[in-house]
Amino acid sequence: MYEDFFDLKALSGSLGSNFSKTTENETVKMTDIKIVKVDKCSPYTFSCKISYSQENYKKVVVNYRRKTKSAAAQLVLQPEYAIKLPTGDKKKANILDLLRKNHIPKLNATFYESLFQ
């Protein structure tokens, strides 16, 4: 399961640096964005809304001058973790206790037990 996590921070660094300036030169904070719209025809742009009541999307162009199409084809997702992360002893004890008390269905018991092997 640990191999399903990818290093998106490294990916965003290789894509570009402008994730906050709109085409109207307004600053957009990523934490304020409510809706994101991505179009596959425009790989280096995304549109966003800051509120649900906002009518028009604001367009953000991500570092479009520095990247070429061949550079985009070479992007590779790097795994976030090289090894399985250990589960804490307290969490392990709590989950096994829930299994013993039948709070977790027996159907799922093998899954939870496999997490600690």
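The values are calculated or read from the model by the stated rules, or taken from the named source; none is laboratory data. This is a predicted model, so every value here is computed, not measured. Backbone-built Cβ (ideal geometry, glycine too); neighbour counts: all protein chains shown.
The set of residues in the range 51-96 that are part of a helix (DSSP H, G or I) and at pLDDT 85 or above comprises 89, 90, 91, 92, 93, 94, 95, 96.
Residues that are at pLDDT 90 or above and in a strand (DSSP E or B) are absent from the range 21-33 altogether. The residue that is farthest from residue 83 (Cα to Cα), among those in the range 97-115 that are within 29 Å of the chain's Cα centre (by Cα) and of a type outside the set (A, V, I, L, M), is 108.
What number of residues in the range 24-58 are surrounded by 14 or more Cβ atoms within 10 Å (Cβ to Cβ) and among the aliphatic types (A, V, I, L, M)? Can you show your working first?
Start the filter on the range 24-58 by keeping residues that are surrounded by 14 or more Cβ atoms within 10 Å (Cβ to Cβ), which leaves 28, 33, 43-50, 57-58.
When the remaining residues are screened for being among the aliphatic types (A, V, I, L, M), the result is 28, 33, 50.
Residues meeting the conditions: 3.
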